[in-house]
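Worksheet: the structure to be examined is printed underneath.
The values are calculated or read from the model by the stated rules, or taken from the named source; none is laboratory data. Bear in mind that the values here come from a model prediction, so they are computed numbers and not experimental data. Virtual Cβ from ideal backbone geometry, glycine too; neighbours counted across all protein chains shown. What goes into the accessible areas is simple: the full protein's heavy atoms, side chains included, and nothing from ligands, DNA or RNA. Shrake-Rupley method; radii C 1.70, N 1.55, O 1.52, S 1.80 Å.
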Amino acid sequence: MFPKGLTCSGSAASMLLIGLLIGLGANLDRVSGDVGLVHRRFEYKYSFKPPYLAQKDGTVPFWEYGGHAIASSENVRIAPSLRSQKGAIWTKQRTNFDWWEVEIVFRVSGRGRIGADGLAFWYTSEKGSYLGDVFGSSDRWVGLGIFFDSFDNDNKHNNPYISAVLNDGTRQFDHQNDGATQLLSGCLRDFRNKPFPTRAKIEYYNNILTVLFHNGMTNNDQNYEMCFRAENVVLPKSGYFGLSAATGGLADDHDVFHFLTTSLHIPGQFKEEPAPGEDAAKLTQEYQDYQKKLELQKEEYRKEHPDEHKDDLDSLFEDFNERELRQIWEAQTNTFEQLRTLSSKLDEVIGRQERTLGLLSVSAQAGGAASAGAGAPPPQIAAGGAGSTIMRHEVDALLQNQNVMVQTVREIRSIIGEVHARTDSILNNQARAPTAQVQTGGYDVQSLMNEMRDGMNQVRQGVAGVAQRLQTGPQAQGSVQCPTQNCLSLTAFLVAIVVQLLVMLGYSMYRDSREAQAKKFY
């Protein structure tokens, strides 16, 4: 029958039924290898999962934990990343079914290259301790232990390793050899520091133990691969499920997110038990009492803190998903702001470019219209005349000419400053000489003349180089050139420099002669 409000044609219903049968048959083949249907039932009293995994008082419903284990709303940290830590979590009730399937979602992570000691799954006739010697649980157990061992005790370089060990309560676990002498089966799989949580699916049906493993490299929760399969495995008919972990000299965080248990039943022997009315009524009454108690506590808090505007203290904290969403939103917001700023700047640059091109095109059209009205080709009007046009390459050539002229003026200024500095140094050296008497044609005058001659040669070479650059540079090919009637000729510039130097030389000789005459009176 279909749910109320849904209708389906005969062909569609047949196809849907065939698909369900195929899916159930494939699931059965994977579990037991037999042809037929396997009845599956989720057992909530032997499971836990987020959110609200742990209650506000720290307890996990239907489970009990101890040692160094820590329970939160998102996971159970069986053993933290500290040295010599042990912890475990066990179901409160024994199982009331023979065959089962358990799916564990966990993460083993640490900062070291290797970790220790590992995580263990238990199905035993009695609960183990919380500070035991075998991965945080008791030794000499009765039942099954599946160990996710991350430390290489036997130094065979075969860890991390997943192994299954059966014990009848008489054997002690062989730590030195990582249980190799007691091994039922196992596989070499790396489960540390994966980008996504790793998964293990443990199935026990018709005395066949199957372990499937998900390596945590993808986010696809169905990407399992076979670890091992063992037949003729006899386990206790009723037992406890448990998880334990331990650290040694090295340390890892051992976090478990999901522990989902499903009971498997042989076809024809499964009888669906109706939910007892008394238990349902009891749970409903407990829920209503809890809601009333919560409302009373909120009302008391409002009366004690009338200035507070936030009634729910849980809103002050954020979980992992909220934090991740907030970080993503902030990153996207910052990216959007940066893109909007860049877009505005780009629009501004494009606007300036369009305005410049518009002015140039308007000038060109005005000049073309004037020349077309006269019936003659565009006249070559001198710069500054009315109706003159200027092209882009002419503007570029004009700017290049201006840059070259500015650079030339700077070079000439540096050369003149160097000559002036040398002249001052010569005069200072001459003033500090033992005798300030100036001899005509003497050594000081000769050295001064040589220095001035060298300075004049450097000035001449610099000016010649600048003139050659102006004549051969790329700006010489432009249509805009420097007007000849406004430029300073080379001869006039050299004459001015020579006159300046002669005046400086005459003043220097005059000052030296006056100082020599003044010293005669001492």
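Residues being closer than 22 Å to Gln222 by Cα, open to solvent by less than 50 Å² (accessible area, probe 1.4 Å), in a loop (DSSP other than H, G, I, E, B) and at pLDDT 95 or above are entirely absent from region 26-40. Pairing each residue of region 113-141 that is touching a residue at least 12 places away in the same chain (Cβ under 8 Å) with any residue that is open to solvent by 50 Å² or more (accessible area, probe 1.4 Å) and of a type in the set (Lys, Arg), provided the two are 6+ apart or on different chains, yields C-beta distances under 6 Å for Leu131/Lys86; Gly136/Lys86.
Within region 160-174, being free of Cβ contacts under 8 Å to residues at least 24 places away in the same chain and either open to solvent by 90 Å² or more (accessible area, probe 1.4 Å) or part of a loop (DSSP other than H, G, I, E, B) (or both) holds for one residue alone: Asp174. Taking Asp154 as the residue in question, decide whether it is open to solvent by 40 Å² or more (accessible area, probe 1.4 Å), over 19 Å from Val76 (Cα atoms), of a type outside the set (Val, Ile, Thr) and in contact (Cβ under 8 Å) with a residue 12 or more places away in the chain. Spelling it out, it is not the case that Asp154 is open to solvent by 40 Å² or more (accessible area, probe 1.4 Å), over 19 Å from Val76 (Cα atoms), of a type outside the set (Val, Ile, Thr) and in contact (Cβ under 8 Å) with a residue 12 or more places away in the chain. I'd like the residue in region 261-290 that is assigned to a strand (DSSP E or B) and over 22 Å from Leu53 (Cβ atoms) and, out of all such residues, is modelled with the lowest pLDDT. Per the stated criteria, the residue is His265. Restricting attention to region 123-142, the residues that are surrounded by 20 or more Cβ atoms within 10 Å (Cβ to Cβ) and in contact with a Pro (Cβ under 9 Å, 6 or more places away or on another chain) total 2. Checking Asp307, Asp311 one by one, the residue that is farther than 30 Å from Thr95 by Cβ, modelled with pLDDT under 80, open to solvent by 100 Å² or more (accessible area, probe 1.4 Å) and acidic (Asp, Glu) is Asp307 and no other.
Only residues that are open to solvent by 10 Å² or more (accessible area, probe 1.4 Å) and assigned to a strand (DSSP E or B) were counted across region 64-100, and they come to 9.
With respect to the stated conditions, Gly128 fails to be assigned to a loop (DSSP other than H, G, I, E, B), touching a strand residue (DSSP E or B) at 6+ places or on another chain (Cβ under 6 Å) and over 26 Å from Ser263 (Cβ atoms). For region 239-260, which positions are in a strand (DSSP E or B) and crowded, with 22+ Cβ neighbours inside 10 Å? Phe241, Gly242, Leu243, Ser244, Ala245, Ala246, His254, Asp255, Val256, Phe259 - these are the residues of region 239-260 that are in a strand (DSSP E or B) and crowded, with 22+ Cβ neighbours inside 10 Å. Looking across region 131-149, just one residue is closer than 15 Å to Ile162 by Cα and not in a strand (DSSP E or B), and that is Phe135.
Considering only residues that are closer than 19 Å to Thr198 by Cβ and either surrounded by fewer than 11 Cβ atoms within 10 Å (Cβ to Cβ) or of a type in the set (A, V, I, L, M) (or both), look in region 219-238 and name the one that is nearest to the chain's Cα centre (by Cα). Here the answer is Asn219.
Taken over region 180-206, the criterion of being open to solvent by 50 Å² or more (accessible area, probe 1.4 Å) and at pLDDT 95 or above is satisfied by Arg199 alone.
Given (1) modelled with pLDDT under 95; (2) more than 13 Å from Phe173 (Cβ to Cβ), where does Asp133 come up short, assuming only one miss? Asp133 satisfies every listed condition except (2). Scanning region 109-122 for residues that are aliphatic (A, V, I, L, M) and buried (at least 24 other Cβ atoms within 10 Å of the Cβ), we see that the one that is nearest to His254 (Cα to Cα) is Leu119.
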